[in-house]
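See below for the structure under consideration.
Quick note: the coordinates plus some simple rules give every number you see, no bench work behind them. Predicted model, so just to flag it, every value in this text is computed and none were measured. Reconstructed Cβ throughout: ideal geometry from the backbone, glycine too, with neighbour counts over all protein chains shown.
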Amino acid sequence: MPKAGACPETVQATVAVLAFRRFEAEPGAPWLDRFWARALFANYYLIKPAGMFPMPEYALTMSEAAAPRAEWCPISRSLDAVSQRSAFLVLREAFYGTTRFDDFATRVGVSEQIVAARLKSLVAEGLLGRRPYKEPGRRTRHEYHLTESGREFYPVIAPMFLWGSRWRGPAVAQLQHRDCGTPVRIVLECERDHGDLTVGDVEVSPAKQGSSTAPRS
């Protein structure tokens, strides 16, 4: 329910949602009531111009109308590169210093076939590179190392560590600053050093002219 003193638009929007939910949940309601519930909902949520109602504080805002998300959102392209749980765990092991195939298989805890497929995919996507090595009396094999693109994935891995420690505990390990020993935290900031931004402080806008995708290493 809207809070006391809420603006009229917010009250009307809430009424629209409640009416829609009520009559959609009651198939036996008079058809005229159902019609007006749908009309009220459409008027305030489908026809009114964008920005009429305040967005939830946890929602990203957009500076202007955008094409379908699949056409522009880099999150979907990122998931194309790292879409399986085992791929994340292979990258986790790379950040923990694992370089050899047998160690990846043991520490990730999946079959060798899956590890081989994930390593091949991460190399193809440019997050991992390969270096040949040969032990005496054995055939040449390859070690895997993080590329520049892979190292820049750390700001994705670290928040998952912290989130899992907080919300999927109990925490048995922590990330801390090597020099001073205090726990680290993740801070979102803009290029003008405005820090501690929340999702409500951020909007999606068209990319600046001249920006481009970094080449794969």
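If R0 is 41 Å, what FRET efficiency do you get for residue 85 and residue 191 from their C-beta distance, rounded to 0.05?
E between residue 85 and residue 191, to the nearest 0.05, is 0.80.
In Å, what Rg and Dmax follow from the Cα atoms of region 83-151?
Final numbers for Rg and Dmax: 11.5, 38 Å.
With r as the distance between the Cβ atoms of residue 143 and residue 111 and R0 = 22 Å, compute the FRET efficiency 1/(1 + (r/R0)^6) and round to 0.05.
0.60
What is the order of 134, 208, 120, fewest Cβ neighbours within 10 Å to most?
Least crowded to most crowded, the residues run 208, 134, 120.
When only alpha-carbon atoms count, how far does region 81-202 stretch along each of its three principal axes, as whole angstroms with the largest first?
Ordered largest first, region 81-202 gives principal extents of 56, 32, 30 Å.
Just to be sure I understand the model, the point goes 7 Å from the Cα along the line to the Cβ. What's the resulting residue 160 to residue 199 distance in nm?
Between residue 160 and residue 199, the label points sit 1.8 nm apart.
Take 194, 145 and order them by how many other Cβ atoms sit within 10 Å, fewest up front.
Fewest to most other Cβ atoms nearby, the residues stand as 194, 145.
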